[in-house]
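To start, the structure under review is shown below, and the notes come after it.
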Amino acid sequence: MKDQWNAVVNQVTVEPTGQGTLSGLSFMVKDVFAVRDYTNGAGNPCWLQTHGPAVEHAEALSLLLLEGARLTGTTHTDELMFSLNGENVHYGTPVNPKARDRIPGGSSSGSAVAVAAGLADFALGTDTGGSVRVPSSYCGVYGMRPTHGIVSEKGVIPLAASFDTVGWMARDPETLRRVGKVLLPQIASVSDFSTVLIGEDAWELADTESKEALAPCLELLCGLAASHETVCIAPQGLPEWMTMFRTIQGYEIWQEHRDWIEREQPAFGSDIAGRFSWAGTIERADQEKEAERRLEVCKHMTDLLGTDTVLVIPTTTGAAPKLGLGGPLIEERRVKTMRLTCIAGLSGLPQLTIPAAEVLGCPVGISLIAGPGQDQRLLEWATSLFPAVKG
């Protein structure tokens, strides 16, 4: 298989260990999932050089193989998963098949590109601050970030433990649902959501073109529920929530990777190096203060959504930025996007992004956020919506 998209790190193949829900499907995994006898690079040459091959597969990978899926490769990631852009100074940028002059989004950039380009039927990524949702939106595929902790992260290189999730991407919701059936706990019955909430403070972050392009899908979603209403998601303001998220995440990242960074002195791209440097300045007292406030956010969101309500927001602020934008412009875009992604991130909730429209020929996604543990129900609902959304 020729990889003209620069999405694949290694075309390692692992045959299925059983038959089941995923028989006949191929998949790839972000280069942070353990594959037996293979060494992960995590997007950085120094990481590759200072780590050895895995003794066993990541648990999520084993589950997929057992249900009949065939692993066909590992995919590119931003350095140590610490970005939303997908541009890697060491290995280059995977080519966005839906918008070749624009970034693919990160850090699960290679996984999104592999799916969008048809190199695999589905792919695994990780999502800490938006790393499945953002590239899914930019590359025009379906992407799922599950409830925090509901899918095993055993055998996955961590970034920030209280936010890390194993997510997945596919070109259609049925495949996304089938993967979820394997990775998620099974529930007795599934029914539609009766209420749709429109998060007005989230929609204010989207650019005008995206709001206009997504309006028909938003209207459709509202019409399919028994009721809908507009709400303010964050009483304290989404900028406050994003600061809360970044403080806790940054502190956890530094605690996780400080020893390796100080020992090995790896070469990072300037933006990644800047983020690690900043993370090292966060005081424990500041992290603890924000962690206390985070408990209020979790309760607020759980009360808001319950078990029968879905929140609809734009996945990103707009279409993927142009390649090589760099500097303060791309960082400003990243910060605004994180004001959207921190909603599910802070509260540990499941979020599914749907490729719902295009702006200037580039994909833009719309997202559904549900209460904790409503993952499978969210996937079933999205599957039932597919004919209407595509129609």
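Where a number appears in this text, it was derived from the coordinates with a stated rule and is not lab data. Because the structure is predicted, anything quoted here is derived from the model rather than measured. Neighbour counts run over all protein chains shown; Cβ positions are idealised from the backbone, glycine included.
Listed peptides 71-83, 122-134 appear in the order 122-134, 71-83 once ranked by packing, highest mean of other Cβ atoms within 10 Å at the front.
Label zone (GLU264, point 7 Å along Cα-to-C-beta; backbone nitrogen cut-off 13 Å) within the range 52-87: 52-53, 79-81. Against the empirical curve 2.2 N^0.38 Å, the C-alpha radius of gyration of the chain lands at a ratio of 0.90. Between GLY327, TRP278, PRO266, the Cα set farthest toward the positive side of the dipole of the range 234-391 (charges on each charged residue's Cβ, about the Cα centre) is that of GLY327. Protection proxy ranking, highest mean first, for peptides 220-229, 338-347, 201-210: 338-347, 201-210, 220-229, where packing is the per-residue count of other beta-carbon atoms within 10 Å, averaged. Too long at a 31 Å Cα-Cα cut-off: which of LYS98/LYS154; LYS98/LYS211; LYS181/LYS322? Long pairs (Cα-Cα over 31 Å): LYS98/LYS154; LYS181/LYS322.
Taking 7 Å steps out from each Cα toward its Cβ at SER384 and THR13 produces label points 4.1 nm apart. When +1 charges are put on Lys and Arg Cβ atoms and -1 charges on Asp and Glu Cβ atoms, the dipole computed for the chain relative to its Cα centre reaches about 620 debye. Taking θ as phi - 60° and the Karplus parameters 6.51, -1.76 and 1.60, the scalar couplings of the range 328-333 work out to x, 5, 6, 5, 4, 5 Hz in sequence order, x denoting glycine and proline. Which of THR93, THR13, THR316 moves the most in a Gaussian network model of the chain with Cα springs under 10 Å? Fluctuation is largest for THR13. When you restrict to C-alpha pairs under 8 Å that are six or more residues apart and normalise by the size of the range 77-155, the relative contact order lands at 27 percent. For the range 49-120, applying the loop criterion from DSSP together with a ceiling of 16 other beta carbons within 10 Å to the trypsin sites (Lys or Arg not before Pro) yields ARG100.
Compared with the direct C-alpha span, the chain from ALA226 to THR21 gains 70.6 nm at full extension, assuming 0.36 nm per residue.
Using a Debye calculation, one point per C-alpha and no hydration shell, please list log10 I(q)/I(0) for the range 97-250 at q = 0.21 Å⁻¹ in order. For the range 97-250, the Cα-only Debye profile gives -1.49.
Fully extending the segment from GLU358 to LEU48 would add 107.8 nm, taking 0.36 nm per residue of separation and subtracting the current Cα-Cα distance.
A full extension of the chain between GLN255 and SER194 corresponds to an added length of 17.8 nm, given 0.36 nm per residue minus the alpha carbon distance. Each residue of the range 211-216 is assigned a 3J(HN,Hα), and the resulting list reads 4, 5, 5, 8, 4, x Hz, derived from the Karplus form 6.51 cos²θ - 1.76 cosθ + 1.60 (θ = phi - 60°), x at Gly and Pro.
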